[in-house]
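Notes follow once the structure below has been shown.
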Amino acid sequence: MTTTVHDDQAAPWFVDFQDVWLAYNHELLQQNHFAVEAIDLKVRQGEFIAIVGPSGCGKSTFMKLTTGLKMPSMGKILIDGQPVTGPLKISGMAFQAPSLLPWRTTVDNVLLPLEIVEPFRSQFKAKRSEYVERARKLLQKVGLGGYEDKFPWQLSGGMQQRASICRALIHEPKMLLLDEPFGALDAFTREELWCILRDLWTEQRFNVILVTHDLRESVFLADTVYVMSKSPGRFVVRREIELPRPRDLEVTYTKEFSDIVHELRGHIGAIRQTGAHTTT
């Protein structure tokens, strides 16, 4: 397994988990029953990380901690140098289900965060035309030019997911959190969206945390892949992906790429069989 020591000179980190533990309620805490435990994670500004692991290992719980939807039972979380004390405004999120509002057009679905999140909310009426133009440009970047005024039921699943990613990015967040965003799509559409996400990230360099079951997806997109153990989840493997960028889909057919995927699959297989913690 390849690991690289963090360069402390690059600190402060954009994401900084310091020995974070979470029990879902006081009773479970009293029983020392944790959903995630001993999470130490440091992520540089602009880094793209992916998290993989067996079902139920705590990946989604980790995401809730990162967005401030859950507070840790023990430990400390800093995002962009600030302690997390509640839901973050600097992040955008997209999930496996696009969850577009059926009565709103594509562009109006994308605009939704600007109607809700300050400082955009208070300026929305005055700047609506500017925001609409921003949304249309973003939709064109992801291949939805001409579909801006269509309703969700007029879009394919892949188109809806593109719109969902635009909605997550419209307020120009510093961090994008993706929870199995392409899991329900066919392989061809999924790979198209990998490339769209790659291009958006390359252009804007926001931080990305991707939770996925697709090891090929994690290796193609991420700078670093983390493997979580069975519940209670903790990070047991950290694998830097040293494939050169920019990455095209052709890289997924190379031996170097396949070797990394097989290595990660071996770690997850060992976790499933034994449940034992692996050390990096």
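We did not get these values from a lab; they are worked out from the coordinates using the rules stated. Computed from a predicted structure; not experimentally measured. Cβ: placed from backbone, ideal geometry, glycine included. Neighbour counts: every protein chain shown.
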(message) Whole-Hz ³J(HN,Hα) for each residue in segment 76-85, computed from phi via Karplus 6.51 cos²θ - 1.76 cosθ + 1.60 with θ = phi - 60°, x for glycine and proline: what do you get?
(response) 9, 10, 10, 10, 6, x, 10, x, 7, 10
(message) Whole-Hz ³J(HN,Hα) for each residue in segment 169-185, computed from phi via Karplus 6.51 cos²θ - 1.76 cosθ + 1.60 with θ = phi - 60°, x for glycine and proline: what do you get?
(response) 9, 4, 8, 6, x, 7, 9, 10, 10, 10, 10, 6, x, 10, x, 8, 9
(message) Along its three principal axes, how long is the chain when you only count alpha carbons? Whole Å, largest extent first please.
(response) 53, 46, 38
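Taking 25 °C and 0.890 mPa s as the conditions, I'd like the Stokes-Einstein D for segment 123-164 in µm²/s, using the Kirkwood hydrodynamic radius from alpha carbon pairs.
Details: Rh = 10.9 Å.
The diffusion coefficient I find is 224 µm²/s.
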(message) I need the phi-derived Karplus couplings for segment 96-103: 6.51 cos²θ - 1.76 cosθ + 1.60, θ = phi - 60°, integer Hz, Gly and Pro marked x.
(response) 4, 8, x, 6, 6, 6, x, 8
(request) With springs only between Cα atoms under 10 Å apart, run a GNM on the chain and tell me which of ASP199, ASP186, ASP16 wobbles the most. (result) ASP186
(message) As an exercise, take the mean of 1/r over every pair of distinct alpha carbons in segment 12-170, invert it, and state the Kirkwood radius in angstroms.
(response) 17.7 Å
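Quick one: if you take sqrt(5λ) for each eigenvalue of the C-alpha gyration tensor of segment 101-255, what semi-axes come out, biggest first, whole angstrom?
On the way: eigenvalues 180, 64, 45 Å².
Three semi-axes, in Å: 30, 18, 15.
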(request) Quick one: order MET175, MET228, MET74 by neighbouring beta-carbon count within 10 Å, fewest to most. (result) MET74, MET175, MET228
(message) Could you compute the net charge surrounding THR212? Neighbours are other residues with a C-beta less than 9 Å from the C-beta of THR212; K and R count +1, D and E count -1.
(response) -3
(request) Specify the inter-centroid distance of segment 203-280 and segment 38-82, based on alpha-carbon positions, in whole Å. (result) 16 Å
(message) Would you work out the Kirkwood radius for segment 169-270? I mean one over the mean of 1/r across all pairs of different Cα atoms, in Å.
(response) 14.5 Å
(message) How are the alpha carbon pair distances in segment 95-184 distributed across 5 Å bins from zero to the largest one, expressed in percent?
(response) 3, 15, 27, 25, 19, 8, 2, 0
(message) Could you work out the relative contact order of segment 200-280? I mean the mean sequence separation of Cα pairs under 8 Å and 6+ apart, divided by the number of residues, in percent.
(response) 30 percent
(request) Mind listing the long-range amide H neighbours of MET93? Cut-off is under 5 Å, sequence gap 5 or more, other chains count too, H placed in the peptide plane at 1.01 Å from N. (result) LEU177
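Over the chain, calculate the relative contact order: mean separation of alpha carbon pairs under 8 Å at least 6 apart, over the residue count, as a percent. All intermediate terms of the calculation are to be shown ahead of the outcome.
Details: 491 pairs, mean separation 71.5, N = 280.
With pairs under 8 Å counted, the relative contact order is 26 percent.
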(message) Tell me the net charge near ARG121. Cut-off is 13 Å between Cβ atoms, ARG121 excluded, with +1 for each Lys or Arg and -1 for each Asp or Glu.
(response) +2
(request) Report, in deg cm²/dmol and to the nearest 500, the calculated mean residue ellipticity at 222 nm for the chain, where each DSSP H run with n ≥ 4 adds -39500 (n - 2.57) and the sum is divided by the residue count. (result) -12000 deg cm²/dmol
(request) Can you give me the three principal axis dimensions of segment 3-97 from its C-alpha atoms, in Å, biggest first? (result) 41, 33, 29
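For the pair LYS150 and ARG205, what calculated FRET efficiency results from E = 1/(1 + (r/R0)^6), where r is the Cβ-Cβ distance and R0 = 35 Å, to the nearest 0.05?
Numbers: r = 30 Å, r/R0 = 0.87.
Using R0 = 35 Å, I get an efficiency of 0.70.
If packing is taken as the average number of other Cβ atoms within 10 Å across a peptide's residues, how do 231-239, 101-109 rank, most packed first? Present the calculation step by step, with values, prior to reporting the outcome.
Details: 231-239: 21.2, 101-109: 16.7.
Top to bottom by mean Cβ count within 10 Å: 231-239, 101-109.
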